[in-house]
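A.B. asks: Pasting a structure here, questions to come.
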Amino acid sequence: MVTEKVNAQFNCNRLGERKMLRKIVAGIISTLSIIAVLYMSFGTTSFGRNALNSITLEPVSLPASLTLLGAGAKWAAGNGTSALYVNWKDNWESHHLTDGRTWGPWPTELEMDKWRISVSDALKKSGFDVKFAGDIPEDLSGYDVIVLSAYWAVEPKNEPLIRQYISNGGGVVLLSGVPEYFRCYCKDWWTYMYPRDNSSVSVEEWFGSQCYVNTGGYANVTLDNPFGTALMTGDTLIDGSGYSNAAVEMLYNDTQVVADWGTGPVFAYTHECGQGRVYYQATFVNVPLVAVQDISITPQRPNYNEDVAVSAIIKDHGEVDQALLSFTYNNVWQNVSMRKYGDNFNATIPAQPYNTSVQYRIYALDANGRWVASQIYSYAMADVVPPEIVSIDWEPKQPSSNDTVTVSANITEPSEASGVKAALFSYKDSFGQWWNTTMTYDSSSGLWRVIIPEQPHNSTVDFYVIAYDNARNTAVADNSGTYYAYNVLAEFASLVIVPVFMATTLSAIILYRKRRLK
């Protein structure tokens with residue numbers, strides 16, 4: 001990260017064994033990257049797919065310096081979740097075509113993108129909802145922490161605002177040379193060329209340090225588990241960087257050093273002032289610049305019978321050739337190659353049964369041969385299709401006034417759907433009164449049944465069926481609005497039917513006997 005040339009610079013020599021170790025580690029990483037590319041090259045063959053699924057892919061973890069930065073910001077925010085990140089890229093976009101044309105020289109867009117992505121990634125992984133700004137707004141009340149990294153967004157006129165914000169309980173994260181720009185108005189890298197503002201004393205009061213210097217080399221953690229991280233004393237944060245990095249000296253007694261440079265000055269520390277908190281960190285190591293963004297799924301609420309198309313835009317300030325979609329719905333992650341159309345990549349997750357929770361993430365191969373992972377996203381398979389009422393039947397078809405009637409409904413759903421939960425039966429009796437009751441599922445026949453009580457002779461019974469599934473979809477079978485119906489036989493019909501039946505039976509017996517005699 002570019003910083004101003006302020007005060008003394010320090011040199012730091014390290015043993016040749018450390019350099020040799022770094023070369024060995026770099027060689028191992030390079031070899032593993034080549035192996036990963038070879039796996040990918042067979043992606044269109046059966047062997048390739050099996051090999052691809054055998055690779056254990058994990059997201060690239062944050063560099064230790066960014067892990068510390070995110071945790072320090074969380075401490076400063078008092079575990080709040082709202083962060084404002086005043087960064088170089090947004091500052092450049094706000095000013096480089098207008099009043100900022102003479103500032104600088106500006107960092108390259110590539111550098112500013114790296115810083116913006118790296119810090120915001122660290123903040124998001126620490127649970128922050130991150131908002132971006134190119135300048136310090138007048139109203140800071142909506143944020144739990146303000147992260148300041150853009151030098152030229154900071155001016156002495158901002159000092160009272162920041163001091164009041166901290167005093168009222170706000171958290172502030174200061175990166176690299178930012179504190180110097182509260183002391184003097186400067187729009188380049190050399191603040192020592194400008195007179196200090198009279199606010200310097202108040203800056204020191206809430207900043208917690210009296211002296212800002214440049215240094216470089218190695219920086220290491222100075223206590224175990226700072227801010228609850230897994231970092232331990234001696235863990236390396238910066239490994240042999242140049243000698244234009246920020247540092248501080250002459251700290252107040254109530255500060256807490258978290259990390260220091262091998263040359264002596266402080267790399268990171270905390271300070272409390274009033275009700276607020278300040279965290280300072282000199283610099284950080286960038287995350288790989290592959291940006292996996294604009295991830296979307298189609299459909300957004302997939303049904304149990306729908307495949308899900310996953311798409312993303314993946315950029316690397318160059319060409320990204322390989323990306324994977326990794327997904328799981330049974331605790332076993334599967335990987336498929338994504339199709340590439342310019343910066344757009346897409347792949348498909350097959351349909352899954354209702355209520356299945358599907359998790360997915362995207363991996364991209366960066367220019368350094370490392371797999372970079374997006375965060376994990378998820379969706380649950382829905383059921384928006386109502387059950388199907390295949391048929392309605394009843395017995396007897398022409399009941400008498402002494403008969404009950406059994407109504408049967410064939411109600412189905414696919415095995416992947418939510419399943420039929422209940423069936424409601426509604427019928428109108430001979431007096432015009434509607435009655436509602438639930439149907440009972442008969443597992444032996446697979447039908448839903450209900451019994452209608454005896455009804456008076458010569459009456460008409462109307463009825464319909466409503467089916468519900470477990471996803472609360474509803475289907476109605478009402479014979480296109482005219483209802484299903486049957487007629488109860490008239491009284492005289494019963495009197496006639498019995499003699500006719502007896503006469504018919506007697507005739508059949510007589511006829512049978514005559515034939516036997518012949």
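The values are calculated or read from the model by the stated rules, or taken from the named source; none is laboratory data. Note that the structure is predicted; figures quoted are calculated from it, not measured. Backbone-built Cβ (ideal geometry, glycine too); neighbour counts: all protein chains shown.
A.B. asks: Quick check on Ser507: is it touching a His at 6+ places or on another chain (Cβ under 9 Å), polar (S, T, N, Q) and modelled with pLDDT under 90?
C.D. replies: The answer is no for Ser507.
A.B. asks: If you don't mind, another one. Name the pairs whose Cβ atoms lie under 6 Å apart, with the first residue in segment 322-349 and crowded, with 19+ Cβ neighbours inside 10 Å, the second of a type in the set (Phe, Trp, Tyr) and in a strand (DSSP E or B), and 6 or more positions between them or separate chains?
C.D. replies: Ala323/Phe345; Leu324/Tyr363; Phe327/Tyr360; Met338/Phe345; Ile349/Phe327
A.B. asks: Here is a follow-up. Taking the conditions exactly as written (at pLDDT below 90, over 18 Å from Ala153 (Cα atoms) and in contact with a Gly (Cβ under 7 Å, 6 or more places away or on another chain)), does Gly242 satisfy them or not?
C.D. replies: yes
A.B. asks: In segment 422-442, which residue that is among the small types (Gly, Ala, Ser) and at pLDDT 95 or above is surrounded by the most Cβ atoms within 10 Å (Cβ to Cβ)?
C.D. replies: Ala423
A.B. asks: Let me spell it out: the conditions are (1) farther than 28 Å from Lys157 by Cβ; (2) of a type in the set (Phe, Trp, Tyr); (3) part of a strand (DSSP E or B), and Tyr212 meets all of them except one. Which number is the exception?
C.D. replies: Tyr212 satisfies all of (1) farther than 28 Å from Lys157 by Cβ; (2) of a type in the set (Phe, Trp, Tyr); (3) part of a strand (DSSP E or B) except (1).
A.B. asks: Could you please find all residues in segment 349-390 being assigned to a strand (DSSP E or B) and closer than 15 Å to Ile313 by Cα?
C.D. replies: The answer is Arg361, Ile362, Tyr363, Ala364, Leu365, Val372, Ala373.
A.B. asks: Answer with yes or no whether Asp239 is closer than 21 Å to Asn286 by Cβ, charged (D, E, K, R) and in contact (Cβ under 8 Å) with a residue 12 or more places away in the chain.
C.D. replies: When the stated conditions are applied, Asp239 passes them.
A.B. asks: From the set of residues in segment 281-296 that are assigned to a strand (DSSP E or B) and either over 17 Å from Asn335 (Cβ atoms) or among the hydroxyl-bearing types (Ser, Thr, Tyr) (or both), which is modelled with the lowest pLDDT?
C.D. replies: Out of the qualifying residues, it is Ala291.
Residues are listed down the side, and each one gets a yes or a no for (1) more than 18 Å from Pro137 (Cα to Cα); (2) in a helix (DSSP H, G or I); (3) not aliphatic (A, V, I, L, M):
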{"residue": "Glu159", "(1), (2), (3)": "no, yes, yes"}
{"residue": "Pro179", "(1), (2), (3)": "no, yes, yes"}
{"residue": "Phe182", "(1), (2), (3)": "no, yes, yes"}
{"residue": "Tyr192", "(1), (2), (3)": "yes, yes, yes"}
{"residue": "Arg196", "(1), (2), (3)": "yes, no, yes"}
{"residue": "Ser202", "(1), (2), (3)": "yes, yes, yes"}
{"residue": "Glu205", "(1), (2), (3)": "yes, yes, yes"}
{"residue": "Gly216", "(1), (2), (3)": "yes, no, yes"}
{"residue": "Thr233", "(1), (2), (3)": "yes, no, yes"}
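A.B. asks: Follow-up question, since we're still on this one. Restricting to segment 208-266, name every residue that is within 21 Å of Phe182 (Cβ to Cβ) and in contact with a helix residue (DSSP H, G or I) (Cβ under 6 Å, 6 or more places away or on another chain).
C.D. replies: Passing the criteria: Gln210, Tyr212.
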